[in-house]
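First up is the structure itself, then whatever we jot down about it.
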Amino acid sequence: MLLTAPLTTSRLLLREFEEEDWRATHPYESDPEVMRYQFHDVRTPEESRDYIRRVRALALETPRRVYDLAVVTREGGRLIGRCGMRITDAEQREGTLWYILHRSEWGRGYITEAAGALLDFAFGPLGLHRMFGDCDPRNPGSFRVMEKLGMRREAHFRENAFIKGEWCDSLIYAVLDHEWRARAAARVGG
């Protein structure tokens with residue numbers, strides 16, 4: 001099921017990917033620094049096109065379990081990254097969060113803003129109970145995003161994933177629906 005309208009924030013739109021969006025995603029997907037902590041290596045133009053095709057196909061599945069959305073600036077309409085979630089366990093109402101951003105946009109709060117909108121969607125219309133994310137401990141930018149979102153660190157797994165020829169650790173962060181709502185209410189009231 002496609003989103004009927006983009007998710008919006010003060011500066012961003014989170015929308016479904018379009019066929020030609022690979023042209024905007026490929027510059028960051030081919031940047032070794034951006035891809036350093038991703039499970040896959042830098043992508044070729046064809047791999048970027050294929051990824052967009054897979055995301056578009058996943059958006060049409062019923063029931064939909066993957067929401068991998070383009071992060072687009074409201075001013076100027078530039079696609080600067082993606083923010084997504086997968087419903088990992090529908091019965092337990094649990095999902096996982098991810099994000100990636102063009103390096104030129106790092107440090108501006110865009111991913112925290114985009115991920116916040118996605119968490120609102122997950123805990124609102126989708127009715128999820130728990131959202132979690134994971135990252136490599138060597139990637140402070142990623143775990144700081146989760147901390148800014150109010151997610152708590154639940155685990156530090158040692159050498160649990162073999163990625164790009166080396167064993168890597170993982171930090172696991174999570175937030176519950178009622179924690180997210182309380183945090184949102186405090187922001188509105190405070």
Residue count for the range 75-123, restricted to those that are open to solvent by 40 Å² or more (accessible area, probe 1.4 Å), farther than 24 Å from Pro140 by Cβ and not basic (Lys, Arg): 10
Please determine whether any residue of the range 160-180 is over 22 Å from Pro6 (Cα atoms), acidic (Asp, Glu) and either assigned to a strand (DSSP E or B) or in contact with a Phe, Trp or Tyr (Cβ under 6 Å, 6 or more places away or on another chain) (or both). yes
Checking the structure you have, find out if any residue of the range 9-20 is in contact (Cβ under 8 Å) with a residue 60 or more places away in the chain and polar (S, T, N, Q). yes
Counting only residues that are farther than 24 Å from Glu94 by Cα and not in a helix (DSSP H, G or I), which one in the range 41-70 is least open to solvent (accessible area, probe 1.4 Å)? Arg43
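Any chance the range 125-136 includes a residue that's open to solvent by 60 Å² or more (accessible area, probe 1.4 Å) and either touching a strand residue (DSSP E or B) at 6+ places or on another chain (Cβ under 6 Å) or over 23 Å from Pro63 (Cα atoms) (or both)? So that I can check it myself, show each step before the final result.
At the first step, the residues of the range 125-136 found to be open to solvent by 60 Å² or more (accessible area, probe 1.4 Å) are 125, 129, 134.
Now narrow it down to the ones that are either touching a strand residue (DSSP E or B) at 6+ places or on another chain (Cβ under 6 Å) or over 23 Å from Pro63 (Cα atoms) (or both): 134.
Yes, some residue in the range 125-136 is open to solvent by 60 Å² or more (accessible area, probe 1.4 Å) and either touching a strand residue (DSSP E or B) at 6+ places or on another chain (Cβ under 6 Å) or over 23 Å from Pro63 (Cα atoms) (or both).
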For the range 22-59, which positions are touching a strand residue (DSSP E or B) at 6+ places or on another chain (Cβ under 6 Å) and under 19 Å from Arg74 (Cα atoms)? Ala24
Expected output for the range 143-172 (first residue at pLDDT below 95, partner open to solvent by less than 30 Å² (accessible area, probe 1.4 Å) and in a strand (DSSP E or B), Cβ below 7 Å, 6+ apart or cross-chain) is Ala161/Cys168; Ala161/Ser170
Taking the range 77-126 as the search range and keeping residues that are among the β-branched types (Val, Ile, Thr) and assigned to a strand (DSSP E or B), which one is farthest from Leu13 (Cα to Cα)? Thr88
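Of all residues in the range 1-40, how many are among the charged types (D, E, K, R), in a loop (DSSP other than H, G, I, E, B) and more than 30 Å from Asp169 (Cα to Cα)? Even if it seems obvious, please write down each step before you answer.
Just the residues of the range 1-40 that are among the charged types (D, E, K, R), to begin with: 11, 15-16, 18-21, 23, 29, 31, 33, 36.
Next, only the ones that are in a loop (DSSP other than H, G, I, E, B) stay: 11, 16, 18, 31, 36.
When the remaining residues are screened for being more than 30 Å from Asp169 (Cα to Cα), the result is 11, 16, 18.
Number of matching residues: 3.
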Counting just the residues of the range 137-165 that are more than 19 Å from the chain's Cα centre (by Cα) and open to solvent by 80 Å² or more (accessible area, probe 1.4 Å), which one comes out farthest from Gly95 (Cα to Cα)? Lys164
Can you pull out every residue in the range 48-63 that is closer than 24 Å to Leu126 by Cα and among the polar types (S, T, N, Q)? Thr62
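What is the residue count in the range 102-119 for residues that are under 20 Å from Ser170 (Cα atoms) and touching a residue at least 40 places away in the same chain (Cβ under 8 Å)?
Step one: of the range 102-119, the residues under 20 Å from Ser170 (Cα atoms) are 111-112, 115.
Imposing the further condition that a residue be touching a residue at least 40 places away in the same chain (Cβ under 8 Å) reduces the set to 111.
Adding up the residues that qualify gives 1.
The values are calculated or read from the model by the stated rules, or taken from the named source; none is laboratory data. What you are looking at is a predicted structure, and each value in this text was computed from that prediction instead of being measured. All Cβ positions, even for glycine, are placed from backbone atoms using ideal geometry, and neighbour counts span all protein chains on display. The area values use the complete protein model at the heavy-atom level, side chains included, leaving out ligands, DNA and RNA. Shrake-Rupley method; radii C 1.70, N 1.55, O 1.52, S 1.80 Å.
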